[in-house]
Structure formats: structure tokens, C-alpha cells
1. Looking only at region 165-186, filter to residues that are open to solvent by less than 30 Å² (accessible area, probe 1.4 Å) and not in a helix (DSSP H, G or I); which one of those is farthest from residue 234 (Cα to Cα)?
2. Might you check whether a residue that is out of contact with any helix residue (DSSP H, G or I) (no Cβ under 6 Å at 6 or more places or on another chain), in the same structural domain as residue 205 (by TED's automatic domain parsing) and not in a helix (DSSP H, G or I) occurs anywhere in region 317-337?
3. Taking into account only those residues within region 359-389 that are under 23 Å from residue 291 (Cβ atoms) and over 24 Å from the mean Cα position of the chain (by Cα), which is most open to solvent (accessible area, probe 1.4 Å)?
4. Suppose we filter 434, 485, 470 for residues that are in contact with a strand residue (DSSP E or B) (Cβ under 6 Å, 6 or more places away or on another chain), closer than 30 Å to residue 249 by Cα and modelled with pLDDT of 80 or more; which single one remains?
5. Mind checking whether some residue in region 141-164 is in contact (Cβ under 8 Å) with a residue 60 or more places away in the chain and loosely packed, with under 15 Cβ neighbours inside 10 Å?
6. All but one of (1) over 16 Å from residue 347 (Cα atoms); (2) of a type outside the set (Lys, Arg); (3) without any contact (Cβ under 8 Å) to a residue 60 or more places away in the chain hold for residue 328, so report the exception by its number.
7. Return the pair list, or none, for Cβ contacts closer than 9 Å from residues in region 209-223 that are over 14 Å from residue 49 (Cβ atoms) and without any contact (Cβ under 8 Å) to a residue 40 or more places away in the chain to residues that are of a type in the set (Asp, Glu) and not in a loop (DSSP other than H, G, I, E, B), at least 6 apart or on different chains.
Amino acid sequence: MATTYDYEEAHATYDEGRHQDLGYDPNFVPDSVKSFVVHLYRHIREKNVYEIHQMYEISFQTLSDRHFKDTPWPSVDAVAHYVDNDQVFCLLYREMWFRHLYARLSPTLKQRIDSWDNYCSLFQVVLHRVVNMQLPNQWLWDMVDEFVYQFQSFCQYRAKMKNKTEQEIALLRQYDQAWNVYGVLNYLQAFVEKSNIIQILEQEKEGLEQFTATDGYDYSGGSNVLKVLGYFSMVGLLRVHCLLGDYQTGLKCLLPIDISQQGVYTSVIGSHIATVYHYGFANLMLRRYVEAIREFNKMLLYIYKTKQFHQKSPQYEQILKKNEQMYALLAICLSLCPQVKLVDETVNSQLREKYGEKMARMQRYDDEAFVIYDELFSYACPKFITPSAPSFEEPLVNYNQDAYRLQLKLFLYEVKQQQLLSGVRTFLKVYSTISLGKLANYMEVDEPTLRTILLTYKHKTHAVDSDGKIISNADVDFYIDDDMIHVVESKPVKRYGDYFLRQIVKLEGVINDMDRIKL
């Protein structure tokens, strides 16, 4: 675990000099900010989640736009006496202070280190003391999301060694524990363990807990902070492991959350998108294409139906960006593993509009196709990181692209291996039986080579799922008996029951609404 500083010694450590030329005075607190801080403090004391959410989501953004477009908020020292110098509130205020700084300005190295120290202090309080407050899920998600984002940003920053000053290198040596990958993983894992969230979700399946039903809030007067941070930390762990290229471990961390159901992760749009995006990406890299297609399809349909409700949300731009990235990933999945039946008509028409032409070219597996695979992957993949510290002795070079290049290379290697498969798939779709000799003739290869290609097809269209079972991604399967290939096209069983049940529930809702109307 990283070392933390004493809160009392922490004040005014950030580099204010940079903002002096903008006329920024860290000790000047406008009246509207005084009022904001006092009211937010009072609502947190009173556990008024609705008011905290309004102030956090709307008032904070409005004040930022009005007063702090290109300067930081007032320093924590300047506002502390308005909130009885409350330690926990001051830590929460600084968490928002740094988040605003990252969003609107570019933080200095010292500020990055200070933000890490602030997270350490805040997380230590939540993990080791009784925290008697309820915070909105949105804030708790943002806390985990920003923590992982700042870790990723720090790793990218540290890897650009070429133009670092001697002062920056000295700071990096001095604070070598700041944003250390083990520290980040330890905190997220500690939240999962300390909150007992895995046991809570298990008990909920047996009907002994009400975690999802209450969206993680505690209506009996307790606190939701540790439990919900533990829950969102599982998504945080998936994200960190994806950034490190360890997809298997990432998906293992998410296992307690049943992604096929609504859950607390769907209560915050940012969390919902981040979960599905990283879950789908990890499955894509593990060749579990069907699972990735299924989840991308559900998420893209959900965004299509609901995005107009989020237009005023601070997350709106991020929603649109992730939406576009998931379409690119879906195009990749469907090009490697055609599964049109899994994609909703609305999503399919959007996909054709955006990538129809490119997907047709990707099927050809020539040099042009590899360029498109490269382009879509580079656009849609996470910003991979190298978590290890640089060598300060060697010539200083930028290595921030190394992790990305490695993942791209592995991905394109996988695509190249599938090059021959599209030809096989085309012939298998036409025939129900065909002799090995005839198919070898059509494909202009000899029989031993064809057998190798068919074995490769079997291998590449099967993957190991999270339970260790082998699953098929193929829309066309086959077996060989003597020298004949027998083709089996998988036809999904149509289930009408779900459709009728949904319509019955809708009808009951309409009847209930009509009953309420007094004529």
C-alpha cells in the first residue's frame, strides 16, 4: 500500500504558481461557492442523497462553467472553516477539486502525486473507520472511475520520458510509490474484500439481501459508501486488467456481477457503458465473439433508445464516444465471426451505415483489409499502459505506445490466422455435404493442407468460457466422416414465451393505469 500523509500537513501542496498569470487566487471563495460548500456539507451530514446528487451533478457543473472554466476551484484551506474543518468532507472536496483540474486543465506532476495522496487518505478513511454517510451512486462510481483514469493518465505521462526535465525526473524518483500498479490494485481489491460485496450478491440470489433492489442504498440509516465502492471496484479491476492486457483475470474479477441481468452497475450510465465496453473487449481478445456481440448489441440498443435523456449530462460526450467505439468493436467481431442473428435490426442498420463498406472489405483478408482491422482496433481499444517505472539511467525515450503496439500485434496476428477461414465458411454455407477432394480442388490446395485448414477452423471457432467449458462461436459447423464433410448450420431455437410474457406485463400496466383514472 502507498504511504499516506497526515491530512493537517497536506494543505497548499499543489503548484499554484502556474495559475497566477490567469489571475487565480486559491484563497478567494465566491459567495456562490461558500453557499455550495455549506449546503453540500449539511446534506451529507443529514444523509439527504437526493439533494447531494442534485448539487453534485448540476450545481457543481454550473459553478465550474460560471467561475472555473480555466482555473481550479478554491483551495481546500479556503473552504475548510465553512465546514467545521471536517476531515472527511475536505477529502471529498479535494477529490472533486482534482477531478475538475484533470477535466479542465493539465495537471503538473506534483498535482498528480497530490491527487494520489488524497485518494490514499480518503480510501484509508473509508476502509478503516466507520463512515456514517450515504453518497449518490453517481459520485461513488465517478470516484472509482476517476481513480483508474488518473492511474492510466499517470502511466502514460511517466512513459513519455524524452522531454522530462531534471526536476520532474527527481520527483518521479522521490515519489516512486505514487500511482504504483500494486497500490492501485490493492485499494480496489481491499474495497471488494472489506465490503463483503461478493457474499452480499450471493445472499441476494438466495433472497436474503436487498442490495440490487435498493440500488445499493441503505434505507435503515446505515451507510452505502463501502458496499457500493466495493461493487464498483469489481468494474474498476476489470478495467485495470484490460489496460494491462490481462483479460482472463479482468473477467474473473467481474464474475460476481451477473451481466445478463439489471444490477447496480446499470444504475449509472457511465458505469453501465464502462462495464459492457471492457467486458466485450476482453471477450473479443479471448475469441469469445458471440458473448462480445451479444453484450455490445444490448448496450448499443440501450444507448440508441435513451441517449436523448442524457444530452444535458456532463457524461454525454463520453457516452457518444464509447457508443462509436463499441460500433467499431462490433464491426470487428462480426467480420471475424458472422452472427447476424444476434444483432437487433436497429443496431444492424446503424452498423451498416457506419461500417457497411469497411466490413465488406474486411471479409477479403487482403492487405487493405488488415489496414481496416488495424484502424478500427486502434480507434476502439482502451489506452493500454506499461505499469512499470522507467529506467532513469538509460537514454530517455518515450515508451508510452509500447503496450498498445504489443496488443495490436497480437490482435492482427489473430486476424491473419483467420485469413483462410472466410473461404472455408463461404463454401460450407453452400453445401450440406462435400468431399474433401472436391473442396480442396475449389480452394486450390492439396488435401493435407485442407485438413489443416479445417482443423484451424474448428480451433478458431471454439473458445473457453469463464466456467472452463468449450463453447462454439460458429454459425456453420461440420464433421468429417470418411472423406465426406457434413455441414450442420446452427439455427437458433425461436422462443416465443418471453415475447408474450413481456406483452402481458405491458397490458397489465395499461389496465392498472386506466383503473386509476376517475371518470
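The values are calculated or read from the model by the stated rules, or taken from the named source; none is laboratory data. Since the structure is predicted, the reported quantities are computational estimates derived from the model, not experimental observations. Every residue, glycine as well, gets a Cβ built from its backbone with ideal geometry; the counts of neighbours run over all protein chains shown. With ligands, DNA and RNA removed, areas are computed over all heavy atoms of the protein, side chains included. Shrake-Rupley method; radii C 1.70, N 1.55, O 1.52, S 1.80 Å.
1. 178
2. no
3. That would be 363.
4. None of the other options fit; the residue is 470.
5. Yes, region 141-164 contains a residue that is in contact (Cβ under 8 Å) with a residue 60 or more places away in the chain and loosely packed, with under 15 Cβ neighbours inside 10 Å.
6. Among (1) over 16 Å from residue 347 (Cα atoms); (2) of a type outside the set (Lys, Arg); (3) without any contact (Cβ under 8 Å) to a residue 60 or more places away in the chain, the lone unmet condition for residue 328 is (1).
7. 209/202; 210/204; 213/204
The rows are residues; the columns are (1) under 13 Å from the mean Cα position of the chain (by Cα); (2) surrounded by fewer than 23 Cβ atoms within 10 Å (Cβ to Cβ); (3) among the charged types (D, E, K, R).
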| position | (1), (2), (3) |
| --- | --- |
| 221 | no, yes, no |
| 228 | no, no, no |
| 248 | no, yes, no |
| 254 | yes, yes, no |
| 292 | no, no, no |
